Amino acid sequence: MHYRFLNINCFERLKQRGRLPLIASVVVCVLMTPAMIAAQTRNSAIDAIVADVSSIGGTVEIGATEPGSGPDDIRLSNLKIAFPGDKAGAGVVVAFKKLELSGFRLAGAKFELDHAKSERVTVASDAGAVSLTNVALDKFSAPRSHTNASGSRAYASLDVLKQIAEIEFKQISANGVKWESPLHDGVAVAIEQIALSEARNGQIGRVALFQPKRLQGGGEKRFGADSITIDGLAVARLLEIWNPGVPTSNLQANNSREWKTLAQDTTIDNFQQVENAARTDVAQIQFSGLRVRRIDPDALRSFDLAMATPTYLGEHPDQARKLAEAFADAVKLDHVTAVKLSGTDGQSPVPRRFGIARIELVDLDPLRAGSISLNEIENVGGGAGLSVGRVNITDLRLVVSGPAAGDPQPKVPIVGGAEIENVKFVQPGALVELGAFKWDAPNYRGVVPTHLQATVSGLKLPVAMTPDPAIRESLIASGVTSLSVEADVSMTLDELNEQASVEHFGLGVEKLGQIDMSGTMVGLPSTAFDGMGSLRAAAFAAAVKSLKFRFRDSGLVGHSIDAISRANKQPADQIRKALTTNMPMILGAIPDASTRNNLVFALVGFINDPRGIELTSLTQSPVPVAALDKAVREAPATIPALLKINATLVRTP
């Protein structure tokens, strides 16, 4: 028995490859078309559709039919539906070994079906083949495909969306799903079981995939999971937001970029990814509040070309980048959690292993993350290792770094808040520890915080990392093996007065000393903070209004003198005396006598009694940064006079 029959909506979907994912095509076409074929054997009203299909060359072959137990039941064997393609020899063929339909009826403009099942379904095309076993469908209904008098059908995104949204079913299931493609370098996908439940009003209550796996290169590259479940999948929303098959005119007519929910919750259990000897495992990944918005039509045209020609994106890397950016720009997540991430790079002879106990991300959109939290991070291998107790980042954003020609515009990350605790870095013979790092910058002007407070506490560095070799030797000789470091900074940006102030910068190193600084820079227009380039340019046009530097010694002077003493093989007292006696000559290059004498007096007193020294700029008018830069490069000895530095001894803690 031969029929020339086809569901026009399904045919148009498959003919224009890329307009609907292959699995979705199977669900819509495989499960709707046979039902209407059965209707034709019982209802002559469907002859009009058959005539329309005959005009476009669709064919249907049925090996045998027999009635079922009820008036609306039928069994079909060796059903084959051939959809013509765009070129000779191309097309899509859907085949059913056996198909049983129960309770099929045409109710007005809808097809209704109580139950359908098939032992095996295959969908084959020049792009690959999909096979499914034990396919079952319960309580299914779908709108008829409408045609006009000429047999053609207007194809519009809203019309397709409306029809898809009207498809309803209680449950669809299939076992042994496999997909292979000759166009994708040996890629194969296998799913042990698929189950979809409660589709109504364009939303599927739950989609569950059990034991999904993707293999490439004979299994050298593979990933999979025990299960993937999606709750509240808005299929109609997906077609509305991401529909590359819709003509550009329709996209432009409905180009709202409002965020809309695509899926409520997604859970992936026991995810594994393997590539040769490298492996990554995650016990569970959860997504909630997956939202999407319309993708740029130009990017969708690239997607169309990539679907038609698999090598297109490889041959056009600029288009590949723009397409990736377009998809990234169209996705937003309320919450992401990953638990027990672990893995190894598989390198010989000592593989590096890594792990994170928990990752949590909140309020993610293309240019912002509300918060990122990581707990118990570990990366160990080759005798070196890194562990971090906790990382928490809030209000991470990507902002455009100033006006720039070309596409894309450069972006830089800015962070509202950050906390890092209990860091340990180990390498042979050295251990670096960090108790805590905190960053608080709630507001920004461009790429610069309007107020910043940051602290570093409990930082312990091995003496071997001391940059000056002479001081390093002195510390080691004194029995010091590690140095404790504390630091903090507080900064404010005053846009109204076009100035930036460092209220305090402090750096303290145990057994060496403490530095405290403060200062103000003026002449910074608000446009200076739009990007890193404009900030650097504006800084050279600005001026230093105030500057204060204080150093309190806790061992640096003594270690420095000891280092000179060992290098010159002279007693430390003689070195100290020589420094103080020759200080006028050492500073003789400073041209301003008053500034020179002030510094000589203060430094001699500091070397003889190293408690503290303070340098303060007493300039009456701001000093241009450009003048300071020139002095640094050409005449460093003029800097103290240029800034009118006044040095005083500090005798209090």
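Where in the stretch 558-653 are there trypsin sites (Lys or Arg not before Pro) that are in a DSSP coil and have at most 12 other Cβ atoms within 10 angstrom of their Cβ? Passing sites in the stretch 558-653 are 569, 651.
For residue 440, the accessible surface of its heavy atoms amounts to roughly 80 Å² (probe 1.4 Å, protein chains only, rounded to the nearest 10). Computed from the Kirkwood radius of its Cα pairs, the Stokes-Einstein diffusion coefficient for the stretch 565-652 at 4 °C and 1.567 mPa s stands at 90 µm²/s. The length gained by stretching the chain between residue 133 and residue 630 to full extension, at 0.36 nm per residue less their Cα-Cα distance, is 171.0 nm.
Close amide H contacts of residue 450 (hydrogens built in the peptide plane, cut-off under 5 Å, sequence separation of 5 or more or a different chain): 443, 444, 445. Neighbours of residue 525, meaning other residues whose beta-carbon lies under 15 angstrom from its beta-carbon, give a summed charge of -2 when Lys and Arg score +1 and Asp and Glu score -1. In the stretch 471-537, the C-alpha radius of gyration followed by the widest Cα-Cα span (Dmax) gives 18.2, 54 angstrom. The magnitude of the dipole of the stretch 565-652, with charges of +1 and -1 set on the Cβ of Lys/Arg and Asp/Glu and taken from the Cα centre, is near 280 debye.
What is the local net charge at residue 206, summed over the other residues whose Cβ is closer than 9 Å to its Cβ (Lys, Arg +1; Asp, Glu -1)? Walk me through the intermediate numbers first.
On the way: positive: none; negative: 198, 231.
Neighbourhood net charge equals -2.
3J(HN,Hα) along the stretch 561-570, derived from phi through the Karplus expression 6.51 cos²θ - 1.76 cosθ + 1.60 where θ = phi - 60°, amounts to 5, 4, 5, 5, 4, 5, 5, 9, 6, 10 Hz, with x in place of Gly and Pro. Ignoring lysines fewer than eight residues from residue 569 along the same chain, the ones with Cα atoms less than 23 angstrom from its Cα are 577. Sparse packing (at most 11 other Cβ atoms within 10 Å of the Cβ) combined with a DSSP loop state is found for none of the GluC sites (Glu not before Pro) in the stretch 356-388. What the phi angles of the stretch 193-206 give under the Karplus curve with 6.51, -1.76 and 1.60, with θ = phi - 60°, is a coupling list of 7, 10, 9, 10, 9, 6, 8, 7, 6, x, 10, 9, x, 8 Hz, glycine and proline written as x.
Rolled with a 1.4 Å probe across the full set of protein chains, the surface gives residue 530 an accessible area near 50 Å². Of the whole protein surface, residue 387 contributes about 40 Å² of accessible area at a 1.4 Å probe radius.
Under a Cβ-Cβ cut-off of 11 Å, what is the net charge of the residues other than residue 196 that fall near it, where Lys and Arg count +1 and Asp and Glu count -1?
Cβ neighbours under 11 Å give a net charge of 0.
Among 98/170; 117/332; 411/460; 110/332; 221/340; 438/545, which pairs are too far apart, with a Cα-Cα distance over 27 Å?
The answer is 117/332; 411/460; 110/332; 438/545.
The string of couplings for the stretch 468-478 from the Karplus curve (6.51, -1.76, 1.60, θ = phi - 60°) is 7, x, 5, 5, 4, 5, 5, 5, 5, 5, 8 Hz, one whole number per residue in order, with x for Gly and Pro. Selection among 442, 465, 484 by position relative to the dipole of the stretch 399-504 gives 465 as farthest towards the positive end (Cβ unit charges, Cα centre).
When peptides 461-474, 93-106 are ranked by their average number of other Cβ atoms within 10 Å per residue, the highest-first order is 93-106, 461-474.
The values are calculated or read from the model by the stated rules, or taken from the named source; none is laboratory data. Note that the structure is predicted; figures quoted are calculated from it, not measured. In this analysis, Cβ positions are derived from the backbone assuming ideal geometry, glycine residues included, and neighbour counts consider all displayed protein chains. Surface accessibility is based on the protein's heavy atoms, side chains included, excluding ligands, DNA and RNA. Shrake-Rupley method; radii C 1.70, N 1.55, O 1.52, S 1.80 Å.
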